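Below: the structure, in structure tokens.
The values are calculated or read from the model by the stated rules, or taken from the named source; none is laboratory data. The shown structure was predicted, so the numbers you read here are calculated from the model rather than taken from an experiment. Every residue, glycine as well, gets a Cβ built from its backbone with ideal geometry; the counts of neighbours run over all protein chains shown. Please note that ligands, DNA and RNA were not included when accessible areas were found on the heavy atoms of the full protein model with its side chains. Shrake-Rupley method; radii C 1.70, N 1.55, O 1.52, S 1.80 Å.
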Amino acid sequence: MNPASVRFDQYSVLVVGAGSIGRRHLANLRKLGITKLAATDTDATRLQTVIDELAVRGFADLAEALRAFQPNVVFICTPPAFHVEQALCALRSGADIFIEKPLSHRLDGVAELKSEAQKLGRVVQVGYNLRFNPGIQTLKRLVEEGVAGRILWARAEVAQYLPDWRPWQDYRQSYTARHELGGGIILDASHEIDYMLWLLGPPRELTCMSGRVSALDVNVEDCATILIRLCSGAQADIHMDFVQPTASRFCVVAGDRVRLEWEHSKNQVRILRPQVEPEVIDYEFQSNQMYISEVQDFFSRVQARATTNRS
């Protein structure tokens, strides 16, 4: 279903977690035309901020919010350690579910969540917004069109110094820094894993070296390198860390015809052929548009599911 055909005004949406990503989703949902909005958070200060700024209903308790507000869509925007339990509660209340990445910090409960969604006929979608980045979408198109030829090897890297990541917050209090909340660079930077497999297909085998290499005050891995052999026979490696003082995000896809390069900081994809100047594809990029596009995609699936169930 085309996202443009979605009737957003028919939905009542509860956002669980009023931190930075929860606030972003609330603001974007409002822009898309959803008027029935509510938030729940155990932190009274965070909750009051979104109530004041975005004029949403507020609840301190998820169960009370589900009972009193009766949403038909719930966004899970809490630390990963709480995702599955909260999603199951919301799913059983009758809602379709959008879960911020990662789905969880462990596999416990994931099979139950999948089974329950299938039994109840509800959409459960994990938010990997880099799939809606124009650069990654360009890579996807070029790979699918065969421009690179047979894919042989790929590499992705993402790095950003954790204290600079969310400058309004003491990095030691962020879920990224805390094992008990489902943190660590692998889960928080799992966008790179997701888009690599989206581009090149499922893995056959992988190995990972990870650990804590910095002096940052965290109890999780801050650096990881993952090596993947894909079912296609191609190989890939993904490096991620939150220790480098300079930010980095790029991807290389090497085929037997050309090499494709994406550089996030330049809003650019390059096609490199032997002995000729690179072909450069520039694109305009507004970060928030990725979040809007993924939400539109989610609601198009929800509306398609509802239409199918009625027919």
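Using a Gaussian network model on the chain with a 10 Å cutoff between Cα atoms, which of GLY94, GLY183, GLY33 fluctuates the most?
Result: GLY33 has the largest fluctuation of those listed.
Return one number: the angle in degrees, 0 to 90 and rounded to the nearest 10, between the long axis of the Cα atoms of helix 191-200 and the longest principal axis of the Cα atoms of the chain.
Roughly 60 degrees between the two axes.
Top to bottom by accessible area (1.4 Å), largest first, where do ASP52, ASP194, ASP96 land? Each step should come with its number before you reach the end.
Working: ASP52 110, ASP194 25, ASP96 5 Å².
The residues order as ASP52, ASP194, ASP96, largest area first.
What is the mean projected area of the alpha carbon convex hull for the chain, to one decimal in square nanometres? If you can, show how the numbers build up before the last one.
Values: hull surface 68.9 nm².
For the chain, the mean projected area of the Cα convex hull comes to 17.2 nm².
What per residue convex hull volume, in Å³, do the alpha-carbon atoms of the range 222-311 yield? List each step's numbers first, then the result.
Details: hull volume 18.8 nm³, N = 90.
Convex hull volume per residue, Cα atoms: 208 Å³.
Amide H to amide H, which residues 5 or more places from GLN268 or on other chains are under 5 Å from it, using H placed in the peptide plane?
Those lying under 5 Å, H to H, from GLN268 are GLU263.
In whole percent, how big is the carbon plus sulfur part of the accessible area of the range 1-145, probe 1.4 Å, protein atoms only? Walk me through the numbers before you get to the answer.
Working: 3240 of 6580 Å².
So the carbon and sulfur contribution to the accessible surface is 49 percent.
Counting only protein heavy atoms and using a 1.4 Å probe, what share of the accessible area of the range 202-245 belongs to carbon plus sulfur, as a whole percent?
Values: 1250 of 2330 Å².
Carbon with sulfur: 54 percent of the solvent-accessible area.
Of LYS140/LYS266; LYS36/LYS266; LYS31/LYS140; LYS101/LYS140, which sit over 30 Å apart, Cα to Cα?
Working: LYS140/LYS266 18 Å; LYS36/LYS266 38 Å; LYS31/LYS140 28 Å; LYS101/LYS140 21 Å.
Exceeds cut-off: LYS36/LYS266.
Ratio of the range 12-77's C-alpha Rg to 2.2 N^0.38 Å, to two decimals?
Details: Rg = 10.1 Å, N = 66, 2.2 N^0.38 = 10.8 Å.
The value comes to 0.94.
What angle do you read, to the nearest 10 degrees and between 0 and 90, between the alpha-carbon axis of helix 134-144 and the longest principal axis of the chain?
Between helix and principal axis, roughly 60 degrees.
With θ set to phi - 60°, apply the Karplus curve 6.51 cos²θ - 1.76 cosθ + 1.60 along the range 178-190 and write out the HN-Hα couplings as whole Hz, x wherever there is a Gly or Pro.
10, 4, 5, 9, x, x, x, 5, 5, 6, 6, 9, 5
Quote the charge dipole size of the range 192-277 about the Cα centre in Debye, to the nearest 20; the model charges only the Cβ of Lys and Arg (+1) and of Asp and Glu (-1). Walk me through the numbers on the way to the answer.
On the way: 9 positive and 12 negative charges, 80 e Å.
Magnitude of the dipole: close to 380 debye.
Using a 1.4 Å probe, how large is the accessible area of PHE82, given in Å² and rounded to the nearest 10?
It works out to around 90 Å².
From the phi angles alone, apply the Karplus equation (6.51, -1.76, 1.60; θ = phi - 60°) to the range 266-276 and give each ³J(HN,Hα) in whole Hz, x where the residue is Gly or Pro.
Coupling constants for the range 266-276: 9, 6, 8, 10, 10, 10, 9, 10, x, 6, 9 Hz.
For the full complex of protein chains and a 1.4 angstrom probe, list ILE186, ILE136 by accessible area with the highest value first.
Working: ILE186 45, ILE136 0 Å².
Greatest to least solvent exposure: ILE186, ILE136.
Rounded to whole Å and sorted largest first, what semi-axes of the equivalent ellipsoid does the C-alpha gyration tensor of the range 176-252 yield via the square root of 5 times each eigenvalue? Don't skip to the answer; put the middle values down first.
Numbers: eigenvalues 119, 33, 23 Å².
The answer is 24, 13, 11 Å, longest axis first.
So if I take the centroid of the Cα atoms in the range 245-297 and the same for the range 61-110, what is the distance between those two points in Å?
33 Å
Hey, what angle do you get for helix 287-310 against the long axis of the chain, alpha-carbon based, 0 to 90 degrees rounded to 10?
Helix 287-310 sits roughly 60 degrees off the main axis of the chain.
From the helices alone, meaning DSSP H stretches of at least four residues, give me the mean residue ellipticity at 222 nm for the chain, per-run term -39500 (n - 2.57), in deg cm²/dmol to the nearest 500.
Calculated at 222 nm, the ellipticity per residue is -10000 deg cm²/dmol.
Excluding ligands, DNA and RNA, what is the solvent-accessible area per residue of the chain at a probe of 1.4 Å, expressed in Å²? Before the final figure, lay out the partial values.
Values: 15020 Å² over 311 residues.
On a per-residue basis, the chain sits at 48 Å².
List the residues whose amide H sits under 5 Å from the amide H of VAL15, counting only those 5 or more places along or on another chain, with H placed 1.01 Å from N in the peptide plane.
ALA38, ALA39, THR40, PHE75
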